[in-house]
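First up is the structure itself, then whatever we jot down about it.
Values in this text are rule-based calculations from the coordinates and carry no lab data. As the structure is a computational prediction, the values presented were derived from the model and not from experiment. Every residue, glycine as well, gets a Cβ built from its backbone with ideal geometry; the counts of neighbours run over all protein chains shown.
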Amino acid sequence: MTANPLRHTKRLRLAMLAATFMLLLGHYLLPAKVRQLHPAAGVEQIIYGFIDPEQGESNQWVDERESEWVCDYLPTYDYGCGFALVWDRHEVNGIDLSEYDSIRLTLHYQGGADNLRVFMRNYNPHYSMPDDSATTKFMSALFAFREMSSNQINVPLNRFAVADWWLREHMERHRWSAVELNNITQIGINFIEPGHHQLRVEKVELVGRWLSTAQMLTWVLVAWMLLFIGEGCLLLWQLYWVAAYNRKRQRALQRRQRSLAIEKASLQKLAHKDPLTGILNRRGAEEHIKRLYQNTYSKAFTAVLLLNLDNFKLINEQFGHDKGDAILKAFSALIQMNLESSDIFARWGSEEFLLVCVAENQQDALYRAEKLRQLTERTHLSPAPGFNVTTSIGVATIGGNESFQQALTRASAALQNAKRSGRNRVKYEMA
């Protein structure tokens, strides 16, 4: 879980930067996208002009195959003459110029004109009628012959504007005053200055980029957004799995803590238990007595009894330690069966046992001790026939301000007195 899923994104970002730089560089250095409109198949070329009743038409072909024509534009004429490329005689289906930037014209001109007008017509069913070119939107741009270089000129499409006369013809056309390039049915040129003009249209081309600046920037932006979104998803994925791993680890730690707590409690329990008899050992008894001493009322009515198996050393020597262990277990089981729920019973030494019990006075304590002594004697705990196990008991009651250790010392003295007096008896030691 320590692995970082974002460790490779630095390289990816550098690669993206390099790709972005190359794309921007290529956008401006790659050859332009060119579409040739003339000469081309499927395109009709026409010339038009003013018809003078006396002089006839103001324009005529010099060489139609070479797209060369002549125009005699007199000052008295209402309009000049021109040349047009037509894609549909019905003026309905045109071409889309929206992916291009300019129109490139290759022209050979003879005459005295300073300017030439380039025009386009766009068909839109909202304002145009089939077979009526006058209803198609007329858009034009002027350029000067001095702008030409090597007989070529690029006319940017953003220089075109909708003709005022076309807008004035019908008021509703003002809603459509913007330039439209999506369905161009005609592209042409005409003269707006009187004079004698001879022009050969060698080539008409659309020029643009393979990818527009807006498209290129959009793709770059989308690519970077996808990169950042991907990084965000990877980061969320990492956070999710780190959180899941931490939760799993936390649950494992909690289980381990519970297991350790149970194990600790078990060990503490074992540490407080005598392994042979299963009753409290000295440490366990001391813990219980410590809690008992926290209650002053309970301490005031407590007796301390020390029980010692008589001649236990002799049992071990004559009958072996296994017999001795059996006697210890049998004796502790016998005493346990005759205890009160509040009694504290523990193995205090090798063959010595401690009983801390409730006793209202000396007589009550002696009664409990004598009862246990007689019970032991009657039970006939014996390692072998003819050998009866008995117990000597020393008794002391805890005084009001007396410590447990002081009472235990008196009980021990009483026990020694019982042994000196012949064993199998109960003795009490006064405070």
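Close amide-amide hydrogen proximity is noted between ASP310 and THR390, THR391, SER392, each under 5 Å apart and 5 or more residues distant or on a separate chain (H modeled in the peptide plane; Pro and chain starts excluded).
Placing R0 at 60 angstrom, the Cβ-Cβ distance between SER150 and CYS233 gives a FRET efficiency of 0.65 after rounding to 0.05.
Between SER421 and ALA163, the simple label model (points 7 Å from Cα in the Cβ direction) yields a spacing of 14.5 nm. Here the simple spin-label model places points 7 Å from the Cα toward Cβ, and for ALA271 and TRP210 these points are separated by 8.1 nm.
Do you know the relative contact order of the stretch 282-428, to the nearest whole percent, from alpha carbon pairs under 8 angstrom that are 6+ apart? Once divided by the residue count of the stretch 282-428, the mean separation gives 30 percent. The residues TYR48, TYR100, when put in order of fewest to most other Cβ atoms within 10 Å, stand as TYR48, TYR100.
Note on the chain: antiparallel DSSP beta bridges, both residues inside, total approximately 95 percent of the bridges counted. Each label was represented as a point 7 Å from its Cα along the Cα-to-Cβ direction; for GLU172 and GLU66 these points are 4.8 nm apart. Per-residue ellipticity at 222 nm, computed for the chain from helices alone with -39500 (n - 2.57) per DSSP H run of at least four residues, works out to -12500 deg cm²/dmol. Note that the stretch 119-132 has calculated 3J(HN,Hα) couplings of 9, 9, 10, 10, 8, 9, x, 6, 9, 9, 10, x, 6, 9 Hz, one per residue in order, obtained from phi through the Karplus relation 6.51 cos²θ - 1.76 cosθ + 1.60 (θ = phi - 60°); glycine and proline are x.
Rounded to the nearest 20 debye, the dipole magnitude of the stretch 282-428 is 220 debye, with +1 charges on Lys and Arg beta carbons, -1 on Asp and Glu beta carbons, and the Cα centre as origin.
All other residues whose Cβ lies under 15 angstrom from that of ARG423 are scored, Lys and Arg at +1 and Asp and Glu at -1, for a net of +1. Averaging Cα coordinates gives a centre for the stretch 381-413 and one for the stretch 161-187; these two points are 124 Å apart. As a proxy for reagent exposure, SER350, SER140 were ordered by neighbouring Cβ count within 10 angstrom, fewest first; the result is SER350, SER140. For the residues TYR367, TYR73, TYR109, a GNM of the chain with alpha-carbon springs under 10 Å puts the largest fluctuation on TYR367.
Counting lysine pairs in the stretch 180-335 whose alpha carbons fall under 16 angstrom apart, excluding pairs fewer than 8 residues apart on the same chain, gives 5.
Here the Karplus curve 6.51 cos²θ - 1.76 cosθ + 1.60, taken at θ = phi - 60°, turns the phi angles of the stretch 382-396 into couplings of 8, x, 6, x, x, 10, 9, 8, 10, 9, 9, 10, x, 10, 8 Hz, with x standing for Gly and Pro.
Spatial offset of the stretch 205-220 relative to the stretch 48-125 amounts to 30 Å, using the alpha carbon center of each. Extension gain for the segment GLN55 to ASP322, taken as residue separation times 0.36 nm less the Cα-Cα distance, is 81.0 nm to one decimal. Along the Cα-to-C-beta direction of MET16, a point sits 7 Å from the Cα; which residues of the stretch 228-249 have their amide N less than 13 Å from that point? Hits in the stretch 228-249 for MET16 at 13 Å: 228-235. Taking other residues whose beta carbon is less than 10 angstrom from the beta carbon of VAL62, and scoring Lys, Arg as +1 and Asp, Glu as -1, yields -3. With K and R counted +1 and D and E -1, the other residues having a Cβ less than 13 Å from that of GLY49 yield a net charge of -4. Backbone phi angles across the stretch 314-329, fed through the Karplus curve with coefficients 6.51, -1.76 and 1.60 (θ = phi - 60°), yield HN-Hα couplings of 5, 4, 4, 6, 8, 10, x, 5, 4, 5, x, 4, 5, 5, 4, 5 Hz in residue order; Gly and Pro are listed as x. As a rough footprinting exposure proxy, the listed residues HIS108, HIS272, HIS126 were ranked by other beta carbons within 10 Å of their own, and the order from fewest upward is HIS126, HIS108, HIS272.
Listed peptides 224-237, 400-413 appear in the order 400-413, 224-237 once ranked by packing, highest mean of other Cβ atoms within 10 Å at the front.
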